[in-house]
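What follows is a short report on a single structure.
The values are calculated or read from the model by the stated rules, or taken from the named source; none is laboratory data. Quantities reported herein were computed from a predicted structural model and do not represent experimental measurements. Positions of Cβ are generated from backbone atoms using ideal geometry, with glycine treated the same way; all protein chains shown enter the neighbour counts.
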Amino acid sequence: MSRNDELKARAEAVIPGGMYGHMSTYRMLPEGYPQYFERADGCRLWDVDGNEYIDFMCSYGPMIAGYANPRVRAAADAQRNQIDIANAPAAVIVDLAEKMMSQISHAEWAIFAKNGNDATTACNMIARGRTGKRKILVAQGAYHGSQPWAARRTKGTPDEDYVHFPTYTFNDIESVTQAVAQASGDLAGIVVSAFRHDAGFHQELTDPDFARAVRALCDKEDAALILDDVRAGMRLSLDASWSEFGVQPDLSAWGKAIANGEPIAAVLGSDPWREAASKTFMTGSFWYQAAPMAASLETLAILNEENAPARLEALGQRFRDGIYEQAQRHGHSVLQSGPSAMPTLMFEDDKDSRLGFAFCQAALKEGVYLHPWHNMFLSLAHSEADIDQALEGTDRAFGTL
């Protein structure tokens, strides 16, 4: 028995379902995917049985500057050795807030938390606190975390929890306009994603006209435009992701990549929403932890020095071009969607995901860790040589289909 299988057998006795949440290999991943890893460095992972992989999931997004990045680790360790958590925050909380203000165009204040869902939920609370209204519009099928208001596709949440979260169709101006009209007079905010990245579906880039229409609707209703930049933040832009459209949110939620894997999330806001933020009680035992804040400062420095979005886009396009050429040569039709820095790879006419699963399973055997139905992630730790080596593996994987 492999060590991975041994651990899985032990876990099934002490962890519900063997593993929980998005990191469960029991949850719609092909057979053979390792449930446990032992080591990570750069863009590579080693499972508990010693198998090495070039990783295209980056811990589902938090890793952006490389696993075990020495600069980020040194910054976190130096802060931790001085003070990490105490009866009040360390001075680094002010440093990080100032850094976020200087980098993110709409931001005039910051609150720090732990997980992305902390941040999206806080945005909703602040929007309601300022407006005195209840309704928050969310896109149908969008993921903003696993807390009850955002968890429409899971058990344990009654329908009543969604009463004040009506839905609209992303990128559909008519749909969001109708939803606003139905909620008019009681609309506190509209939550949007950087782009449509619903898991299990082809990704859809944001229509700039849609972004501008949502901004106009929020202005008309005196409601908050809330940008969930947890997944895409710092990969598409060094500013808020909708800034390329000339659209600034009122509130934005951040997490994942802002500290290269150290646990931290952020809520950023513009000045009209400051008072509501100050009067809304939001806290957590570990929200003020200093080491992740120091890691975030160093991560942001690295991302700016290397112009991360441009670098990730180029690496992602190199991978995407290679996959396209291989698929054509091997006689398969693939659908590659989303930004090249956050690619999604699926097969045409593959409703049961049979081809996608078989391809990813074959790639895994070649040392390439892909995902058959979730968007993937590039990092600054990936090099052209890593991409080319991965493509050698995917070429052989296509040949097995």
Checked segment 341-361 for anything surrounded by fewer than 18 Cβ atoms within 10 Å (Cβ to Cβ) and either of a type in the set (G, A, S) or not assigned by TED's automatic domain parsing to the domain that holds I323 (or both); matches are S353, A358
When (1) out of contact with any helix residue (DSSP H, G or I) (no Cβ under 8 Å at 6 or more places or on another chain); (2) closer than 18 Å to L205 by Cβ; (3) not polar (S, T, N, Q) are applied to P339, the one that fails is (1)
If you go through A119, A142, the only one that is among the hydrophobic types (A, V, I, L, M, F, W, C), under 17 Å from R231 (Cα atoms) and in a helix (DSSP H, G or I) is A119
Filter segment 44-98 for residues that are surrounded by fewer than 17 Cβ atoms within 10 Å (Cβ to Cβ) and assigned to a strand (DSSP E or B); the one that is nearest to the chain's Cα centre (by Cα) is W46
Filter result for E298 (exposed (fewer than 15 other Cβ atoms within 10 Å of the Cβ), part of a helix (DSSP H, G or I) and either among the charged types (D, E, K, R) or not assigned by TED's automatic domain parsing to the domain that holds A390 (or both)): no
Those residues of segment 275-295 that are in a helix (DSSP H, G or I) and touching an Asp or Glu at 6+ places or on another chain (Cβ under 7 Å) come to a total of 4
Those residues of segment 142-195 that are surrounded by 18 or more Cβ atoms within 10 Å (Cβ to Cβ), among the small types (G, A, S) and more than 23 Å from the chain's Cα centre (by Cα) come to a total of 3
